[in-house]
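A.B. asks: Got a structure here, written out as structure tokens. Questions coming.
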Amino acid sequence: MLDLAFVRDNLSLIEEKLRQRGMDPADSLGPFRALDAERRELIHRAESLQAAQNAQSKEIARLMKEGKKDEAEKLKAATRNSREQIAEAVKRAEAVDQELRAKLAVIPNLPHPSVPVGKNPEENKEVRKWGAPAKFDFVPKPHWELGEQLGILDMERAAKITGARFAVYWGLGARMERALASFMLDLHTREHGYTEVLPPYMVNSDSLYGTGNLPKFASDLFKCENTDLWLIPTAEVPLTNLYRDEIIDAARLPVSITAYTPCFRSEAGSYGKDVRGIIRQHQFQKVELVKFARPETSYDELEKLTHHAETVLQKLGLHYRVILLCTGDMGFSAAKTYDIEVWLPGQQLFREISSCSNFEAFQARRANIRCKPEGSKKTDFVHTLNGSGLAIGRTWLAILENYQQADGSVVVPEVLRPYMGGDKISPPSTPRP
């Protein structure tokens with residue numbers, strides 16, 4: 001959430017930044033201007049009435065002292081009416097203030113100056129590439145064909161027991177999912193300095209508000225009926241809210257934490273997209289990276305976090321590119337975002353496998369997460385960052401498509417072999433159970 005005083009004092013800047021995001025400022029700032037003006041008027045009215053009442057009280061005291069009781073009683077009656085008017089103005093000002101903050105809650109973060117201005121993904125900027133596309137002397141297959149032929153991916157039974165956009169993994173398919181999670185967690189904790197956390201997979205509404213998922217994106221979430229609990233769309237939510245309403249000693253920053261969790265998303269509005277395979281699922285697993293940083297170092301931390309996510313792909317030998325998102329393609333809470341896209345030869349395209357963002361103080365202000373430098377009485381909001389390190393399912397399918405062989409087998413990347421207990425996934429000699 002943006003600072004109320006900042007928005008009030010910088011409406012022209014906010015309007016321009018919203019236009020850069022492809023939004024009409026009138027949709028959010030039109031009501032904001034009117035509500036803010038009404039709130040100011042009500043507060044001024046209440047203060048003026050209170051000043052008049054104070055003056056009347058002094059006059060009543062003077063009249064009583066001079067023995068002019070009748071005049072004093074008349075003035076007391078007027079004072080009672082003034083008190084009612086003050087209470088009414090204060091009550092209305094509080095109601096308008098709540099409306100104002102509700103409008104503020106749906107205004108997105110402002111893009112950092114280094115973010116390219118653009119309307120859609122076509123205007124994103126490629127920052128770098130790593131590696132080269134895998135070469136084949138045969139036509140590479142997409143992961144949904146490979147998974148079925150290897151007997152490790154079962155979409156039909158998943159649809160039977162749950163519904164569309166779910167998957168069942170069998171045998172070495174399930175083992176590779178587990179192997180990838182262990183490999184990523186070991187890398188981030190042992191080499192990159194993150195602390196592993198196992199958070200709850202359900203959170204309350206306050207937590208989702210803190211990260212910017214509520215109120216704007218309720219339709220993208222799964223809510224548990226008759227409770228204030230929601231299934232997490234990503235570990236970013238519980239990890240960020242670990243420090244909600246807390247003050248972190250600035251000497252501890254940056255704080256870097258990681259978690260492996262399932263993620264649950266309704267994918268509202270995405271029906272008809274990516275219906276083949278496991279690109280877009282209602283449930284998927286992910287290793288998440290979250291940082292809490294000082295404002296002056298948060299963009300250095302964004303570069304580090306992005307590099308940490310890239311390292312996973314480099315160790316797996318997967319060709320990828322890093323994209324800087326333009327203003328019109330960034331998420332609601334982000335000030336700057338890098339997308340990492342892995343090459344999928346079976347589909348002949350790049351696919352997002354990680355999104356690394358700096359939210360600056362946007363989430364911290366909503367969740368009231370502050371830091372306090374040693375010896376200082378003043379606190380400031382921390383900057384929060386997060387990124388996938390990586391999405392397990394998309395890494396899984398990228399390995400299948402990039403390491404497939406002409407005989408239908410898939411070679412296991414070398415760094416995964418200690419976790420997999422072998423170097424190849426081969427078609428089954430007997431049918432899957």
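A.B. asks: Pairs, please: C-beta under 8 Å, at least 6 apart or cross-chain, first residue farther than 11 Å from LEU397 by Cβ and in segment 334-347, second hydroxyl-bearing (Ser, Thr, Tyr) and assigned to a loop (DSSP other than H, G, I, E, B)?
C.D. replies: Going by the 8 Å Cβ cut-off, the qualifying pairs are LYS336/SER114.
A.B. asks: Among what's in segment 138-156 and is of a type in the set (A, V, I, L, M, F, W, C) and more than 17 Å from SER429 (Cα to Cα), pick the residue that is surrounded by the fewest Cβ atoms within 10 Å (Cβ to Cβ).
C.D. replies: My answer is VAL139.
A.B. asks: Let me ask something else. Within segment 72-110, work out how many residues are at pLDDT below 80 and open to solvent by 60 Å² or more (accessible area, probe 1.4 Å).
C.D. replies: Going through segment 72-110 one residue at a time, the tally reaches 6.
A.B. asks: Residues GLY118, GLY67: which one is over 30 Å from LEU4 (Cα atoms) and not in a helix (DSSP H, G or I)?
C.D. replies: Only one candidate qualifies: GLY67.
A.B. asks: Let me ask another. Looking at segment 191-203 only, could you name the residues that are part of a strand (DSSP E or B) and open to solvent by 30 Å² or more (accessible area, probe 1.4 Å)?
C.D. replies: THR195, GLU196, MET202
A.B. asks: Checking GLY317 against (1) on the phi < 0 side of the Ramachandran plot; (2) surrounded by fewer than 22 Cβ atoms within 10 Å (Cβ to Cβ); (3) in contact (Cβ under 8 Å) with a residue 40 or more places away in the chain, only one condition comes out false. Which one?
C.D. replies: Single failed check for GLY317: (1).
A.B. asks: A further question on this structure: Regarding GLU360, is this residue out of contact with any Gly (no Cβ under 9 Å at 6 or more places or on another chain) and either touching a residue at least 60 places away in the same chain (Cβ under 8 Å) or at positive phi (or both)?
C.D. replies: Spelling it out, GLU360 is indeed out of contact with any Gly (no Cβ under 9 Å at 6 or more places or on another chain) and either touching a residue at least 60 places away in the same chain (Cβ under 8 Å) or at positive phi (or both).
A.B. asks: Test of understanding: among ASP245, ASP206, which residue is of a type in the set (Asp, Glu), exposed (fewer than 15 other Cβ atoms within 10 Å of the Cβ), in a loop (DSSP other than H, G, I, E, B) and touching a residue at least 12 places away in the same chain (Cβ under 8 Å)?
C.D. replies: ASP245
A.B. asks: May I pose another question? Out of ASN358, ASN368, ASN386, report the one residue that is in contact with a strand residue (DSSP E or B) (Cβ under 9 Å, 6 or more places away or on another chain), surrounded by fewer than 24 Cβ atoms within 10 Å (Cβ to Cβ) and either over 22 Å from ARG276 (Cα atoms) or among the hydrophobic types (A, V, I, L, M, F, W, C) (or both).
C.D. replies: ASN368
A.B. asks: Could you list all residues from segment 228-242 that are open to solvent by 40 Å² or more (accessible area, probe 1.4 Å) and either under 11 Å from MET202 (Cα atoms) or small (Gly, Ala, Ser) (or both)? Talk me through it step by step, then tell me what you get.
C.D. replies: We begin by selecting, within segment 228-242, every residue open to solvent by 40 Å² or more (accessible area, probe 1.4 Å); these are 228-229, 231, 242.
Across segment 228-242, the qualifying residues are ASP228, LEU229, LEU231.
A.B. asks: Can you spot a residue in segment 215-223 that is under 19 Å from ALA361 (Cβ atoms), out of contact with any strand residue (DSSP E or B) (no Cβ under 9 Å at 6 or more places or on another chain) and either open to solvent by less than 40 Å² (accessible area, probe 1.4 Å) or of a type outside the set (A, V, I, L, M, F, W, C) (or both)?
C.D. replies: yes
The values are calculated or read from the model by the stated rules, or taken from the named source; none is laboratory data. The model shown is predicted, which means the values in this text are computed figures rather than measured ones. Note that each Cβ is placed from the backbone with ideal geometry, even for glycine, and that neighbours are counted across all protein chains shown. Note: areas computed on protein heavy atoms with side chains; ligands, DNA, RNA excluded. Shrake-Rupley method; radii C 1.70, N 1.55, O 1.52, S 1.80 Å.
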